[in-house]
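The block underneath contains the structure these notes are about, expressed in structure tokens.
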Amino acid sequence: MYLNGQGVTRDYKEAMKWFRLAAAQGYADAQYNLGLMYGKGEGTAQNHQEALKWYRLAAAQGDAGAQKDIGWIYFNGWGVIQDYQEALKWYRLAAAQGDSRGQALLGHLYYEGKGVTQDFMSAHMWVNIASRAGNAEIIKMRDIISSQMTSQQIEKAQDMARKCQARSFKGC
């Protein structure tokens, strides 16, 4: 309520108070929200290491958003040594749960060849899967990747995406 000002005046410090209480009881959503607030500096000083601490607690409970955001921290080197392979690991976890941002970011790593061998077909596969959520940025990314591929490669990547989804993202 306080985070978004739903029925009350937006108050980040009050939101943090309630998130802390819930997070201490093990609620993954509250842990994730504390990570977001520390990461953005809302209601507190921005602190990526503290954000990472809360994201890790939520990620350990399977929170895909937290997994994706841990990857983002390692990708950017915020409060940690930049590590694309560590980002890859966390994006894979989020992507395997169907998190479209995690899927798109995983595709971006394949596209750029960061933390993994550059592979346009794998990049296209992940970004194509993510684009089904309808995000215009992700669709644009898919189109950029497609522009560097042959029609046969695109066809193969689309087939890979169908098979990956049919396996519920296992072994992709």
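Laboratory data are not the source of any read-out in this text; all were calculated from the coordinates shown. Just so you know, these numbers come straight off a predicted model, no measurement behind them. Counting neighbours? That spans all protein chains shown, and the Cβs are built from the backbone with ideal geometry, glycine included.
Relative to the 2.2 N^0.38 Å rule of thumb, the stretch 1-61 has a C-alpha radius of gyration ratio of 1.03. Spatially, the stretch 88-135 and the stretch 35-66 are offset by 22 Å when compared through their Cα centroids.
Dividing the convex hull volume of the alpha-carbon atoms in the stretch 81-172 by its residue count gives 86 Å³ per residue.
Over 23 Å apart at the Cα level, from the set 13/40; 17/53; 89/170; 13/68; 13/89, are 13/68; 13/89. To the nearest whole percent, what portion of all C-alpha pairs in the stretch 31-73 is separated by more than 11 angstrom? Looking at the stretch 31-73, the distances longer than 11 Å represent 53 percent of pairs. Residue by residue, the stretch 18-26 carries 3J(HN,Hα) couplings of 6, 5, 4, 4, 6, 5, 5, 8, x Hz when phi is fed to the Karplus relation 6.51 cos²θ - 1.76 cosθ + 1.60 (θ = phi - 60°); x denotes Gly or Pro. Within the chain, the percentage of alpha carbon pairs spaced more than 29 angstrom apart rounds to 28%.
Using the Cβ of residue 109 as centre and a radius below 10 Å, the other residues enclosed give a net charge of 0, where K and R count +1 and D and E count -1.
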